[in-house]
Amino acid sequence: MKILITGGCGFIGSSLVRYLLTHTRHRVLNLDKLTYAATLDSVQDVREGESYQFSQGDICDSDSVDKLFSQFKPDAVVHLAAESHVDRSIDGPAAFIQTNIVGTYTLLEAARSYWQGLCGVQKANFRFLHVSTDEVYGELDLL
Ligand SMILES: NC(=O)c1ccc[n+]([C@@H]2O[C@H](COP(=O)([O-])OP(=O)(O)OC[C@H]3O[C@@H](n4cnc5c(N)ncnc54)[C@H](O)[C@@H]3O)[C@@H](O)[C@H]2O)c1
């Protein structure tokens, strides 16, 4: 299976990338802008090759994202790229709106367009998993 991971140099993403490459035979494309939150050290042991590709880029850049979909042809997307350090949004909300809202929208549109071109089992099995937080999803109702 080919998995496009966004934010694969972040806290959760780097762990996921290492896990997939160590414990499975999936192929991984890691799309990460390398913001202040990225830690390249955490994926430094992962060598680029047949199983792993790294692309430094922005999920808000629709042309680049479309190109990655058409070249890599993922079976699934795990979307982790985000501005996740919420306290920073008080001084600088723009980056949060761009990445968490516009970037997620851009990625979803790219995935939808790519998915519409798939057929049969590949289309039925395609998955998009967005890992995010309450700033994006809203709070759960208290039961
Ligand atoms: N870490 C946690 O405890 C936790 C808990 C709940 C929810 N979450 C959610 O899980 C997701 C991942 O969290 P994390 O802790 O790994 O985040 P992180 O801040 O450690 O990593 C985010 C990664 O996204 C990349 N990135 C940021 N903007 C980008 C852009 N525009 N284009 C491409 N890449 C970009 C950064 O370079 C970084 O590598 C977030 O949505 C976060 O809100 C995390």
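The values are calculated or read from the model by the stated rules, or taken from the named source; none is laboratory data. All of these numbers come straight from a predicted model, not from anything done at the bench. When we count neighbours, we look across all protein chains shown, and the Cβ atoms used for this are built from the backbone with ideal geometry, even at glycine. Please note that ligands, DNA and RNA were not included when accessible areas were found on the heavy atoms of the full protein model with its side chains. Shrake-Rupley method; radii C 1.70, N 1.55, O 1.52, S 1.80 Å.
Assorted remarks:
- FRET efficiency, 1/(1 + (r/R0)^6) with R0 30 Å, evaluated for Glu109 and Glu139 via beta carbons: 0.70
- Cα convex hull, the chain: 133 Å³ per residue, rounded to a whole number.
- Pair-distance profile P(r), taking every C-alpha pair of the stretch 68-143, with 10 angstrom steps and integer %: 16, 41, 27, 14, 2
- Using the 1.4 Å probe convention, the accessible area of the chain works out to 63 Å² per residue with neighbouring protein chains retained.
- Residue-averaged [θ]222 nm for the chain, counting only DSSP H segments that reach four residues, each worth -39500 (n - 2.57): -10000 deg cm²/dmol
- Cut-off under 5 Å, modelled amide H: who pairs with Lys2 long-range: Arg27, Asp75, Ala76
- Element breakdown for the chain at a 1.4 angstrom probe: carbon and sulfur atoms account for 53% of the accessible area.
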